[in-house]
Structure formats: structure tokens, C-alpha cells
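Working notes, structure below.
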Amino acid sequence: MTHTIHGITYDTAVEALTAAWKADRPEGVWRCCRCNKMFALARPDGTFSIQCPHCGDTFSEKNCAGALGYWKQRLAEEANALAKERAKMYADAAKKKTRPAPPHLDDVIGNGEAVMQIRTALDAFRGRKGAADAPDWLAFPHLLLSGPGGTGKTMLSEIVARELKAKIHLQMGQVLSTPAKVAEVLLSLNPGDVLFIDEIHGLKTPCQEAMYRAMEDGVLVPQIRAGHGEGKPIALPPFTVIGATTDEWGLLPSLCQRFKYRVRLQRMTAAEIAEAIGRRAKRAGLDVDADAIGLIAERSLGTPRLAVGLLDGCMDTAIAQGGQSITRDIVRLTCQIWGIDSLGLDRVARTYLGFLRDMGGGPIRLNVLAAKLDGLAKTTVERKIEPDLVWLGLIEKQANGRSLTRLGREHLDKEKP
């Protein structure tokens, strides 16, 4: 962006002042940097002097350098003001997109059994902590949250930390790739802190071993060097580990057993999703029809995260269409744009079903299916695509492969263009 003052650019001002400074002919002309009008150069008394006859602005050879400095300062001030204005605008936009603070347990919709288990654990902890003989620092017992992706494991962990009035440290299992990194995180904890590890099954075996020893004994035993034993144990402050996983069987049994509470989350019903989306839309001040909320809920695969993503996508579509209201037609158009069908399946999932149908309905081995899906890894197909299809009853997983169910055939027939 080119900055201007009094209608001219800084480069133009510098060029004009420099030309005036170096001019040696009285018939020369230049443009006034103040009023932007042209006038003739003049040397009334034989010295270098310029005065605009239109506005009276005067620059002399003596103060020409100062005039350039003045322009630089003015333009720098305007640039700084513009930068601050833009920074505020971006900060306001980011603030609007920030995920709202997690609600209390009473505000959680769905997963009533899991919520009751967590509430009971919290109440029991408060009772122990309030006892006369309770130690100064008593950490909440370790908690493992398992279930399909997007069902609220992170939100519940934040709720637990809030209820405990504890600081929460967020980590990904894949990031803690070595025992040294596990040790670094554990040593950064203060008494009563909560360490949340998302996708905890991504921890490698040595890291899981280091973690469960710290969880059980409250000490960190550093590895000196391969084949040279262990270092002196380091006492850790009381802390709580909350693990989140979509594959609890991927954890070592010895680590899994260190979690006193193991809570499993389930997918939500369409009615529960609709209620949650309605509350979120109200908090955000969005204009969403009840029919549109119901349609979003039906196409969210029982997963709050997908429902929120679809709601955001519908808002983008409404704005792109020149409106602010989310209607049933806007939801349908959004799903059409992003390739989401009536059950909430994307194009990859439909390709999976279509291949099964074209091969006679199965059973087809997983590696063959994965190869047909642009060479996706078998674990990706098994963990990311098949759970939704099994939950919807569209496929059956058998020892000799995958088969298409009657519901799967009916859905493909319904979704034909």
C-alpha cells in the first residue's frame, strides 16, 4: 500500500524536494508538498529559497533536509497507526473464532452415563480433600477418556480442570516421542496440575513405560544411556494425567491400569446434537431455523465436532449468498458444495461403499479396499472411515473381509445422482 499525505505520496515529496534543492534555474517548476499545486522556483535575494504562492509553505536550502525528515516522520506515524488498526481488526476476528470456554458438567448434553461417572469422581475427590487428615496437595486420580473422535473428550478434560481449579497442560501423544520429552513435560508440572494427553495411544512403548512409572510412584527415573541402567529417581509433585484416546486397546495394559477412572464416550443422538447446536447458535447470535438445525444434526454422524464444522460451513455459505440466515436450503447447498450426503458421509466413504457394491457386496479384504481408495493406509481406512459406516449399519466387518449390508445398498441407491 502507498501512503500519502495531502494527496501525494512520500516518494513524490522526496523527488520534488530533492529536485528543488538541486535546481539551478529560476524557470524551474515543482509541486508543493503541502497543497499539491505547481509553482515556479524563485531566488529573490540570490539565495536558495522556495515559497508556494498558493499556501505560503516555504522550504529553504538550509531546512530542506529537515523537511524530508518531517515527511518521513509523518508517514511513519501514519503507517504505525494503520498497523495498529489492522492488528486490532485481526485480533477482534480471532477472538470471535476462539472456542468458547468449556461449560460446566451441568451444561454438557448427551453422554449422561459418562457425565455421572465424572461428577461422582469429582464429588468423591472434594470429600477426601476436605477431610481433616487430607494432605496439603492431593491430586485428582488419573482419568482415561475413550471413544470416537469428536465426541467431547477434550472439552470434558477442560471441564475437569476447571472444576479442580487446576492449570491444564495440553499435549499430543505423537509429540511426546521419546522418554526425554516425557520427562521434560513431567518436570514442568506444579503441584495439582493436570496433564492432558490427546491421542495417548500414540505414545511409543518406552514413553508409555516412563509415563506409568511416574503416574504410579510419583517419581521420574531418567535413562542414563542405553545399556547403562537408570539415573537417580526424581520426585514429582502430585499431578493428574487425563488421557484421551480413540483406541484404548492401543495402550499397554500396565499404563491403562494406572488410570483409576476409565470413562467411555458415545456418539450423540440427533436430538442431542440439535439441542447442542441450538445452544451454540444462540450464544453466537446466529440466525438459524429450527429445520436447519435438525438437518445439521441428521448429517453430523452423532459427532458434535462435525456438527459444529457443518454449522460454520453453513454460515459461510449464507454470507457468500448475500445473507445472514441459515435455512434448510442453505444447509442443503452447503452439503452439496462439500460433498456431504443425507447421512453425513463424504465422497471417500461413498467411494468405499460403491466399490463394495461393484464387487458384488463383499466380503472384500481391507488391503484391497484401501488400495482402491487412492492408496490410503489400512489403518486410516479402519480408524477414520469404517467406524462411521459400521455405526450406521452400512457395512459388516468379518474375519474374511468387509461386506455391504442391505442398508448400505439402499443408501447408495438413494444417493444416485
Exercise for the section: Considering every residue within the range 296-307, establish whether at least one is buried (at least 20 other Cβ atoms within 10 Å of the Cβ) and more than 24 Å from the chain's Cα centre (by Cα). Expected result: no
Handout entry: Qualifying positions in the range 337-374 - outside any helix (DSSP H, G or I), modelled with pLDDT under 85 and farther than 15 Å from residue 396 by Cβ
Key = 373, 374
Exercise for the section: Answer with yes or no whether residue 360 is in the same structural domain as residue 382 (by TED's automatic domain parsing), free of Cβ contacts under 8 Å to residues at least 60 places away in the same chain and surrounded by fewer than 20 Cβ atoms within 10 Å (Cβ to Cβ). Expected result: yes
Practice task
Being surrounded by fewer than 21 Cβ atoms within 10 Å (Cβ to Cβ) and of a type in the set (S, T, N, Q) is the filter; apply it to the range 171-211 and report the residue that is nearest to the chain's Cα centre (by Cα).
Solution key: 171
Practice task
Kindly indicate which of 110, 127 is assigned to a loop (DSSP other than H, G, I, E, B) and either in contact with a strand residue (DSSP E or B) (Cβ under 6 Å, 6 or more places away or on another chain) or assigned by TED's automatic domain parsing to the domain that holds residue 255 (or both).
Solution key: 110
Handout entry: Selection count where residues are assigned to a helix (DSSP H, G or I), more than 28 Å from residue 190 (Cβ to Cβ) and not aliphatic (A, V, I, L, M), scope the range 235-273
Key = 5
Handout entry: Pairs with Cβ under 7 Å, 6+ apart, first in the range 290-309 and more than 18 Å from residue 341 (Cβ to Cβ), second at pLDDT 90 or above and not in a helix (DSSP H, G or I)
Key = 304/268
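The values are calculated or read from the model by the stated rules, or taken from the named source; none is laboratory data. This is a predicted model, so every value here is computed, not measured. For neighbour counting, all protein chains shown are included, and Cβ atoms are generated from backbone atoms with ideal geometry for every residue, glycine included.
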